[in-house]
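Only one structure is covered here, and it is reproduced in the block below.
The values are calculated or read from the model by the stated rules, or taken from the named source; none is laboratory data. Every value quoted in this text rests on a predicted model; they were computed, and no experiment measured them. Cβ placement follows ideal geometry from the backbone for every residue including glycine, while neighbour counts extend to all protein chains displayed.
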Amino acid sequence: MNRLHVDPENYEFSDKDIPVIWFAFGPQRIGSTALTQHAKTITPAAASLEALARQRILILDGAMGTQIQTLGLTEEDYRGAGGCACAHHSDHPQKGNNDLLILTQPQAVEEIHFRYAMAGADIVETNTFSATSIAQADYGLEKAVFDLNAQGARIARRAMDRATAIDGRPRFVAGAIGPTNRTASLSPDVNNPGYRAVTFDDLAVAYGQQVTGLIAGGADLILIETIFDTLNAKAAIFACLQAFAATRVTLPLMISGTITDASGRTLSGQTPTAFWHSVAHARPFTVGLNCALGASAMRPHLAELAGVAPTRICAYPNAGLPNAFGQYDETPDQTAAQVADFAREGLVNIVGGCCGTTPDHIRALAEAVAPFRPREVPQ
Ligand SMILES: [Zn+2]
């Protein structure tokens, strides 16, 4: 048979115990690939997370950005004056580069993680939303990406261990992967619709660096979040599966999309159902929605996702919609009451908060969903 095929005779285990499948052209082997879905090692943290998720609705943390804002940091603070001076040099202004605080104000970042943990978060997200070479290019800090991710995971781990030492509850670090500031499906130039500012391959390389750092720093799971362009997310998924194959450790994946318009679609034009079918191959630990909308406006889209996805559902809305000044007015009780409705209706397995939420929101939300059972995952 002189065409490309998978030779069943050539299915074998490599010396690293990863099942490898060979491709053949006629009798000639031309390449092989590791079967990442079968990667053997499941971490103890993943097993413990699975078990906990069967028992109760788990709590994710709230916004990092709004907590950082309250610190009123200056350009000098961002650069590390009075904290840890950054080993990576850049002439660009750094104020607003929140991820950089991992290296220059690690104590402050650890404290925010710790407050969320003590407010009831089982899972906290690393402060690495923009820690890719693509997003850090704006700040001239592409070379800092590995350190940002590895240190970001270590800081979160330290905060979780401190919280666990106090109350004995297990806690997990989710390595946060943002969408970057470019979109692979759409042109940023209205006069040139075929133009792309970034490609799948560019994204896969950048996400590969990011996830390698997160794994090195000890992240328990990976959260690909605020997905407005599914093609960007698919590059992130690809990079994760590659990294899992290379490290022989498969971490649970959480995948979270963002509905950006009133018709209930992502920026790249997908309904929640289409979004699920585009990422289902990753067999994620959770799929869900975050950001853009407050809880009430998110509800119908979440219900649609829960209706089609045979995996756990995660929701972390903003504290309502932003006001004219871009601030979020919903009180902890208001947000918590709406998120409790998700739980009452059996829609969710993990809940938390996005923009505008605080440790008080997370505390209120954890109390509000406590009486309800997690959603039964359809087989
Ligand atoms: Zn948000």
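A few points about this structure:
- So Q107, is it surrounded by fewer than 17 Cβ atoms within 10 Å (Cβ to Cβ), part of a helix (DSSP H, G or I), modelled with pLDDT of 95 or more and polar (S, T, N, Q): yes
- Sole residue being touching a residue at least 24 places away in the same chain (Cβ under 8 Å) and over 25 Å from L221 (Cα atoms), chosen from P322, P272: P322
- With respect to (1) within 14 Å of the ligand (Cβ to nearest atom); (2) at pLDDT 95 or above, the lone exception for Q334 is condition (1).
- Set side by side, the residues G307, G288, G326 differ, and just one is small (G, A, S) and modelled with pLDDT under 95, which is G326.
- In this structure, A184 does not satisfy being part of a helix (DSSP H, G or I), of a type outside the set (S, T, N, Q) and crowded, with 21+ Cβ neighbours inside 10 Å.
- Any chance R157 is surrounded by fewer than 19 Cβ atoms within 10 Å (Cβ to Cβ), out of contact with any Cys (no Cβ under 8 Å at 6 or more places or on another chain) and under 24 Å from F285 (Cβ atoms): no
- A single member of A340, A319 is more than 18 Å from T226 (Cα to Cα), of a type in the set (A, V, I, L, M) and assigned by TED's automatic domain parsing to the domain that holds F129, and it is A340.
- Residues of region 184-215 satisfying the condition of being of a type outside the set (A, V, I, L, M) and over 25 Å from P252 (Cα atoms): S185, S187, P188, D189, N191, N192, P193, G194, Y195, R196, T199
- Out of T126, T74, T70, sole residue that is touching a residue at least 60 places away in the same chain (Cβ under 8 Å) and either assigned by TED's automatic domain parsing to the domain that holds R169 or among the polar types (S, T, N, Q) (or both): T126
- Enumeration of residues in region 129-179 that are of a type outside the set (A, V, I, L, M, F, W, C), more than 26 Å from C314 (Cβ to Cβ) and outside any helix (DSSP H, G or I): G140
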